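The values are calculated or read from the model by the stated rules, or taken from the named source; none is laboratory data. From a predicted model like this one, the values you see are computed outputs, not experimental measurements. Neighbour counts are summed over all protein chains in view; Cβ atoms, including those assigned to glycine, are modelled from backbone coordinates with ideal geometry.
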Amino acid sequence: MNIRRRRSWLGLACILLVIAGLLAVLEWHRRQDAASAGEQTLYGSGISRSANDLQQRYSDPQEFARLCAAVQEHYDALVGRSLQLQHMRKSRTIEFDRRKQPIAIVETRESIHFEGRKECPTNVESRQVLGPPLASPPGPQGGLNMKEPFSSETPEGQYLYRLGGIEEVAGQLVLRVRFETVKPMEGSFKGSVWVDPATAEPIRIHGSAVKLLVPLDRLEMLIDYGPAENGYNQMRRAIVDVTGGFAFIFKHYRIEAQMSDYRPRGP
């Protein structure tokens, strides 16, 4: 009886090892496919322009350092205002299949305010446009610890910045500043920020996460800033594109959001 039981356990262990090996092979192939598919799907670049005076001015290391310090000051002020205000967010969440065809779409309207730095959304309206209700987008347990460029909340020295040229975005001449992380860390990014040279206000940021936890393969964001109802620049449009999965499971989501009605928080 004992011999028969041992053989049963041995057979079960062999089956589990085969399954584990198969899952490992499938996951390796899935990650190879994800890597070969490339990192960037969102396009944020403007039209390249020639502006020798701006190029020459900000090619000077001291002038460029002053610009980066001013951008951080404006970015921190923008975030600080957002935490004190409330606004409306209209979003469209799309799930794609492996051929990048939409299989589910949901549209929502939410009222957003913050408690400390925690976002507190209140659903106003939700509408299923296509397919079954969406599952939660893939993500690490507890969320992603964001280390944003040009933020005083990010450890000093985390990013390197360099002038990427002069471009035209939405009819405006702006400086493109490229950033990359010194040491890849969870929640850090590489990409570009487009800056108004007259005010040092960020008007667009595009970045791809450089280090992610399983089950995420890629997280990319594109954010536009502009004048809001409170008389200051705020986030007006955001797109987040994320893919992930495990073994034979694949998930691809895109969230497109528009922000409006920035105002003091009501009682």
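Look at Thr199 and say whether it is over 16 Å from the mean Cα position of the chain (by Cα) and polar (S, T, N, Q). If you could, list the steps in order and put the result at the bottom.
Working: over 16 Å from the mean Cα position of the chain (by Cα): yes; polar (S, T, N, Q): yes.
It is true that Thr199 is over 16 Å from the mean Cα position of the chain (by Cα) and polar (S, T, N, Q).
Report, by residue number, each residue of the stretch 47-71 that is loosely packed, with under 13 Cβ neighbours inside 10 Å, aliphatic (A, V, I, L, M) and in a helix (DSSP H, G or I).
Passing the criteria: Ala65, Ala69.
Filtering the stretch 200-222 down to residues that are surrounded by fewer than 22 Cβ atoms within 10 Å (Cβ to Cβ) and of a type in the set (Val, Ile, Thr), which residue is modelled with the highest pLDDT?
Only one residue fits best here, namely Ile203.
How many residues are on the phi < 0 side of the Ramachandran plot, crowded, with 16+ Cβ neighbours inside 10 Å and hydrophobic (A, V, I, L, M, F, W, C) when one looks only at the stretch 144-172?
Adding up the residues that qualify gives 3.
So Glu229 passes all but one of these: (1) within 18 Å of Gly46 (Cβ to Cβ); (2) touching a strand residue (DSSP E or B) at 6+ places or on another chain (Cβ under 8 Å). Which condition number does it fail?
If we test Glu229 against (1) within 18 Å of Gly46 (Cβ to Cβ); (2) touching a strand residue (DSSP E or B) at 6+ places or on another chain (Cβ under 8 Å), just (1) comes out false.
Among the residues of the stretch 120-140, is there at least one that is surrounded by 17 or more Cβ atoms within 10 Å (Cβ to Cβ) and within 26 Å of Asn233 (Cα to Cα)?
For the stretch 120-140, residues surrounded by 17 or more Cβ atoms within 10 Å (Cβ to Cβ) and within 26 Å of Asn233 (Cα to Cα): absent.
Conditions first: (1) farther than 30 Å from Ser59 by Cβ; (2) at pLDDT 90 or above; (3) not acidic (Asp, Glu). Val242 passes all but one, so which condition is the exception?
It fails just one condition, (2).
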